[in-house]
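Below is one structure, written out as structure tokens, with a few remarks after it.
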């Protein structure tokens, strides 16, 4: 990589001497300065934690400004990290942003045995399986919500929990940390085996009090006698942090919620995204229901939309979307899993957020599980079928080609990578084969325009892309998790790509591989770097 970088620089200097202009890419993500992070990354100091086989560093990622310096920081979930003798207890690494990008100095490692943290590490807790950032206590520092879906509550196996770490001028701190679960005092519902509270998280200001609120997915929740129908908890923020006051529990049996009622293995709450879809003062919540049956199509999947108001989320004007909704592209089929991941962003630059819906098991023609992504655009009445789009690797003008089992749409993230007026969409394709390398993984970038997402200038990134650190390997799953954030304060969002299946060579013993230790890739946004003669 260093040799390749010097070659690029030499070419640029030569072209400058000849009076020529050289443009590195257009606006948007670039290979320049890309970096690969893992728990054996060199630096001073090294990254906290011990990299081990099957850690899956990069399983989940989220960005937020935890120290209030105006530069985004990165949280990386390591849900299968062993803590002492507790296998798969889980941990979270924090990398702090600087003017030069993410840096190892001051990095942190958090887990349930960290000093001052509520609870304790246990086998199979999977701390760090889901992450979300928000301002839950009305200060200038972002806070971190950490899903622990395997947490046992007393003798109740895998009931699940969520930890909250609050930000300070020095970054995340154990001071005032909270642990929430369904047996917490004042919380609706109750902990049950295999509820998996904390499997998905989303942050939005649902009641417009200028303090963020937290939505928590509980996809294994039983509703009456209906197994694994799923539910979503809402915890509202206050000046003192998240509180049980006014908390809500939503499911498809909630009063007047669209969807015809809870069904077995609907997994309502498996995915969540918050955005202002109707342009009022209140954020709204999209809830993925990937196991929903649509007509005779089993597990076709659906998405419920709950709209915000002065008292928080409400059933008023709620919506249910699926691939058999009127005027929606495509059609519902068995096990499409519409709604498995979700992401909100303003892709057309109006005053309404839009919703990207992953359909990773969608068949494209006869090609099984090639995957697709739906875009529903916002308006004054909320999300609408008007102008909806269906994207896949077979869409006209799109890089790459669809193949069986690619799982295009497994992960999604919205960010403004080219610093224009429009959000762009990163789409994970973690099972993409790169040549003969199976499940190496890739990421597609679709750029926003005044007419919405477009294939113009779209990009396909993977670890064999020219100029990219490392190389594609079997089972890397590059693109399994995605997060956007401005990690170097240059005005352009950058993209963090989870590579949880990455094998890491032990630096002290060059013949030893830590299989699936995991890594994250950072691709930095650029406006188009230019070198020319004076």
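How do the peptides 342-352, 85-95, 324-334 rank, highest first, by the average count of neighbouring beta carbon atoms within 10 Å per residue? Please report the intermediate quantities before stating the final value.
Numbers: 342-352: 20.7, 85-95: 22.9, 324-334: 14.9.
Top of the packing list down: 85-95, 342-352, 324-334.
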Listing 526, 439 by rising number of other beta-carbon atoms within 10 angstrom, fewest first, gives 439, 526
Which order, highest average first, do 396-402, 147-153, 233-239, 364-370 follow once you tally other Cβ atoms within 10 Å for each residue and take the mean per peptide? 147-153, 233-239, 364-370, 396-402
Row for the range 216-327, column shape: gyration tensor on C-alpha, a ≥ b ≥ c, rounded if a/c < 1.5 i.e. under 1.5, prolate if a/b over b/c, else oblate; value oblate
Under 20 Å by backbone N from the virtual spin label 7 Å along Cα-to-Cβ at residue 193, the residues of the range 217-231 are 218-231
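So how much slack lies between residue 258 and residue 53, counting 0.36 nm per residue of separation and subtracting their Cα-Cα distance, in nm? Mind dumping the intermediate values first?
Values: separation 205, 0.36 × 205 = 73.80 nm, distance 4.40 nm.
Difference between extended and current length: 69.4 nm.
On full extension of the chain, what length is gained from residue 469 through residue 113, given 0.36 nm per residue of separation minus the C-alpha to C-alpha distance? All intermediate terms of the calculation are to be shown ahead of the outcome.
On the way: separation 356, 0.36 × 356 = 128.16 nm, distance 3.35 nm.
Value of the extension gain: 124.8 nm.
Determine the shape class of the range 400-525: with a ≥ b ≥ c the square roots of the Cα gyration tensor eigenvalues, call it rounded for a/c under 1.5, and otherwise prolate if a/b is greater than b/c, oblate otherwise. Let's see the in-between values first.
Working: a/c = 2.54, a/b = 1.53, b/c = 1.66.
It is oblate, given that a/c is not under 1.5 and a/b is not larger than b/c.
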Rounded, prolate or oblate: which one fits the range 89-213, using the alpha carbon gyration tensor with axes a ≥ b ≥ c (rounded when a/c is under 1.5, else prolate when a/b beats b/c, else oblate)? oblate
From a point 7 Å beyond the Cα of residue 351 in the direction of its Cβ, which residues of the range 370-389 have a backbone N at a distance under 14 Å? 379-382
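Per DSSP H run of n ≥ 4, the term is -39500 (n - 2.57); total these for the chain, divide by its residue number, and report the mean residue ellipticity at 222 nm rounded to 500 deg cm²/dmol. Write out the running numbers ahead of the final one.
Values: 1 runs with 16 residues, N = 534.
The helix-only estimate for the chain comes to -1000 deg cm²/dmol at 222 nm.
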Going by average Cβ neighbours within 10 Å, how do the peptides 210-221, 260-271, 458-469 rank, with the highest at the top? 210-221, 260-271, 458-469
Rough spin-label spacing in nm, given labels placed 7 Å along Cα→Cβ, for residue 327 and residue 380: 1.5
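FYI, it's all coordinate maths here, none of it is from the lab. Source: prediction; values computed, not measured. Cβ coordinates were reconstructed from backbone atoms using ideal geometry, including for glycine residues, and neighbour counts include every protein chain displayed.
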